[in-house]
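Asks: Here it is, the structure in full.
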Amino acid sequence: MTQLRPLRPHQTAALDGLKHSLMTGHRRPLLQAPTGAGKTVIAAHIVAGALAKHKRIAFCVPSIGLVDQTFERFRENGIDPALMGVIQADHPWKRSNAPVQIATAQTLARRDRPQTDVVVIDEAHIRFGVYEAWMTDPEWQAVPFIGLTATPWAKGLGLLFDDLIKPTSLKELIDLGHLSKFRVFAPDHPDLTGVKTVAGDYHEGQLGERMNKPVLVANIVETWLTRGEGRPTLCFATGRAHAKAIHEEFASVHVPAAYVDADTTREERETIGKQLAAGEVKVVVNIGTLTTGIDWDVRCLILARPTKSESLFVQIVGRALRTAPGKADAIILDHSDTHLRLGMVTDVDRDELDDGKPKKATGSDGEERSEPLPWECKDCHAVVPARVNTCCECGFVRKPRSHVESRDGELRELGTRKASKPVTVQDQIAAMGKTAVYGQLLFVADERGRSEGWAAHTYREIFGTWPRGLSKHTAFEPNPLMRSWLRSRDIRWAKSQKAKRASTEDTYA
Ligand SMILES: [Zn+2]
């Protein structure tokens, strides 16, 4: 076997988290590997680990287009091709005796289940009846099923999987430079009142009608011309008619554009990818077919497909976050209000899998949010993170809203969904993200001989919740902000103890 690629710290944490989950009795762990986390590398190590223990492993992918790609990626990542087979009639790599079997959900639905010791479900947020029947079959309860996904938020996923492992986050990957930074603009506010919700997202037909308005379509092209910097661009449209209208509008101003949908062949798609890389095509318009499985160098994204689905939203934006030489950031032109509705993709996060029960609705997008929403700069239409009061693009300073009251010496805004407090050190620490904060606390706990419980309690002080679902095996060197906050916290505590002692002494003096 050739050498496996070395792992980055969060990838090691992912494998350790899985191992820990299986060792503590879980049989259906789900690993969250965001875009840019190197899911294939992690998967290759899972496969290699099973092979080293002489175990058979079935690797399931959601579509036929991903079979050859998975095979190739595993080969590139050090798995001996002689040990891999594909479950599919007439496939050149059909080798039923190979210990690694790659299969699609569709072929599994038609054939017998392979005899295997471990099952990996790739893109596990996509629900297939065949997986559900297999995973809930009493005869298969002892066999581990490992789910992999960037977006483990699908309804009812917690009914199939019993553990969520989150070794890293989008925010952390951006901070570490594994993913690109991004800037968001909200040039349009389409009227979506009255559009029905079907299965958690907007009714596609109604949405298509609302979005396919000449004014909106013209503004997409106009905005791209002023803000897009001629960058290689992916545009997500709402339905074919809308995509066609956008495509034609670009053509009318001589911007070379292409169109991709489910009927586009793999060869055509590859050609378009090359043209985009060469600058012969500037904008590729699609209707949600390019959410996974492409690794094009995309530097601008046009979001013209409003969605209520956090998974779809994060997948779409993820297409623009790949790093590339000379790429400082990605520009996102959001014509769908999705950022103002769901927040920044770096804020979309859950500590637990969905248990399928109805949630208490708090607004149009349904579920309770842990993060306040970003705001739109009235001067330049940039979308600015909630905790920041100055526009990062033009320097516009957000004025406090008209109803401001002073309580406990703090200014609180009214009228927003959640009153935003002034930025404190604790807020800044919270903004580093849950994985990063917990990892740093674990590091300090180890360094000072304190317990995991201390780390959990301190985490709770910051976020108000316990670090459920976070790996206990990833420790990060704390940054200066964290160190100074912990120091001031220790000093506060020591002072309070001293005061307590003094008052006790007073009493008994
Ligand atoms: Zn601005």
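The values are calculated or read from the model by the stated rules, or taken from the named source; none is laboratory data. On a predicted model such as this, the values are computed, not experimentally measured, just so you know. So basically every Cβ, Gly included, is an ideal-geometry build from the backbone, and we count neighbours across all protein chains shown. Each accessible area value is taken on the protein alone, full model and side chains, heavy atoms only, with ligands, DNA and RNA left out. Shrake-Rupley method; radii C 1.70, N 1.55, O 1.52, S 1.80 Å.
Asks: I'd like the accessible area for residue 182: 1.4 Å probe, protein heavy atoms, all chains in place, Å² to the nearest 10.
Replies: Looks like 40 Å² after rounding.
Asks: Accessible area of residue 491, 1.4 Å probe, to the nearest 10 Å²?
Replies: Number for this one is 90 Å².
Asks: Ok, one more. Please pull out the direction-averaged projected area of the stretch 425-494, using the convex hull of its alpha-carbon atoms, in nm² to one decimal place.
Replies: On the way: hull surface 17.2 nm².
Approximately 4.3 nm², given one-decimal rounding.
Asks: In nm, to one decimal, how far is the modelled label at residue 460 from the one at residue 354, with both set 7 Å along Cα→Cβ?
Replies: Here the answer is 2.8 nm between the modelled labels.
Asks: If I take R0 = 41 Å and measure r between the Cβ atoms of residue 113 and residue 244 in this structure, what FRET efficiency does the formula 1/(1 + (r/R0)^6) give, to the nearest 0.05?
Replies: On the way: r = 42 Å, r/R0 = 1.03.
Computed FRET efficiency for residue 113 and residue 244 comes out at 0.45.
Asks: Related question: Taking each pair of distinct Cα atoms in the chain once, what is the resulting Kirkwood hydrodynamic radius in Å?
Replies: This gives a value of 25.1 Å.
Asks: Relative contact order of the chain: what whole-number percent is it, with Cα pairs under 8 angstrom and at least 6 residues apart? Please report the intermediate quantities before stating the final value.
Replies: Working: 865 pairs, mean separation 73.1, N = 509.
It comes to 14 percent, rounded to a whole number.
Asks: Which value at 222 nm does the chain reach when only helices count, each DSSP H run of 4 or more adding -39,500 (n - 2.57), with the total divided by all residues and rounded to the nearest 500 deg cm²/dmol?
Replies: Numbers: 16 runs with 185 residues, N = 509.
So the calculated ellipticity at 222 nm is -11000 deg cm²/dmol.
Asks: Ignoring ligands, DNA and RNA, what percent of the accessible area of the chain is carbon or sulfur (1.4 Å)?
Replies: Numbers: 12910 of 24570 Å².
The value for the chain is 53 percent carbon and sulfur by accessible area.
Asks: I would also like to ask the following. With every protein chain kept in the model, how would you rank 180, 484 by accessible area, 1.4 Å probe, largest at the top? Each step should come with its number before you reach the end.
Replies: Values: 180 5, 484 50 Å².
My answer, sorted largest first, is 484, 180.
Asks: Could you calculate the contour length gain from residue 490 to residue 136, that is, 0.36 nm times the residue separation minus the distance between their Cα atoms, to one decimal place in nm? Don't skip to the end; give the middle numbers.
Replies: Working: separation 354, 0.36 × 354 = 127.44 nm, distance 4.93 nm.
Full-extension gain reported as 122.5 nm.
Asks: Under the 0.36 nm per residue contour assumption, what length would be gained going from the current alpha-carbon distance of residue 253 and residue 4 to full extension? Walk me through the numbers before you get to the answer.
Replies: Numbers: separation 249, 0.36 × 249 = 89.64 nm, distance 4.87 nm.
Extra length from residue 253 to residue 4 when fully extended: 84.8 nm.
Asks: Using 7 Å Cα-to-Cβ label points, what is the residue 477/residue 446 separation (nm, one decimal)?
Replies: It works out to 1.3 nm between the two label points.
Asks: Let me ask something additional. With the Cα gyration tensor of the stretch 178-235 in hand, convert its eigenvalues to equivalent ellipsoid semi-axes via √(5λ) and list them largest first in whole Å. Each step should come with its number before you reach the end.
Replies: Values: eigenvalues 132, 57, 19 Å².
Square roots of five times the eigenvalues give 26, 17, 10 Å.
Asks: Straight-line reach from residue 434: which aspartates and glutamates have Cα under 16 Å away, leaving out those fewer than 8 places along the same chain?
Replies: 172, 175, 347, 349, 351, 352, 371, 452, 461, 477
Asks: In addition: Which net charge results when you count Lys and Arg as +1 and Asp and Glu as -1 among the other residues whose beta-carbon is under 11 Å from that of residue 462? Each step should come with its number before you reach the end.
Replies: Details: positive: 434, 460, 489; negative: 427, 461.
Within the 11 Å Cβ shell, the charges total +1.
Asks: Among bridges DSSP assigns within the chain, what percent are antiparallel (round to 5)? It would help to have the intermediate numbers written out before the result.
Replies: Details: 11 of 55 bridges.
Here the antiparallel bridges make up roughly 20 percent for the chain.
Asks: Still on this structure: Full-extension gain between residue 143 and residue 393, please, as 0.36 nm times their residue separation minus the C-alpha to C-alpha distance.
Replies: Working: separation 250, 0.36 × 250 = 90.00 nm, distance 5.21 nm.
Answer, rounded to one decimal: 84.8 nm.
Asks: For the full complex of protein chains and a 1.4 angstrom probe, list 472, 498, 166 by accessible area with the highest value first. Display every interim value, and only then the final one.
Replies: Details: 472 105, 498 135, 166 5 Å².
Greatest to least solvent exposure: 498, 472, 166.
Asks: How large is the charge dipole for the chain, taken about the Cα centre, if only the Cβ atoms of Lys, Arg (+1) and Asp, Glu (-1) carry charge, to the nearest 20 debye?
Replies: Working: 69 positive and 64 negative charges, 233 e Å.
For the chain, the charge dipole is close to 1120 debye.
Asks: Given R₀ = 35 Å, FRET efficiency for residue 22-residue 201 by Cβ-Cβ distance, to 0.05? Present the calculation step by step, with values, prior to reporting the outcome.
Replies: Working: r = 34 Å, r/R0 = 0.97.
Given R0 = 35 Å and the Cβ-Cβ separation, E is 0.55.
Asks: Among residues other than residue 396 whose Cβ falls under 10 Å from its Cβ, what is the net charge (Lys/Arg +1, Asp/Glu -1)? Display every interim value, and only then the final one.
Replies: Numbers: positive: 378, 398, 399; negative: 379, 393.
Value of the local net charge: +1.
Asks: Normalising by the residue count of the stretch 173-384, find the relative contact order in percent from Cα pairs under 8 Å and 6+ residues apart.
Replies: Values: 356 pairs, mean separation 58.9, N = 212.
The value is 28 percent.
Asks: Also: Could you please state, rounded to a whole Å, how far the C-alpha centre of the stretch 445-491 is from the C-alpha centre of the stretch 28-47?
Replies: Taking the Cα centre of each part, the stretch 445-491 and the stretch 28-47 sit 26 Å apart.
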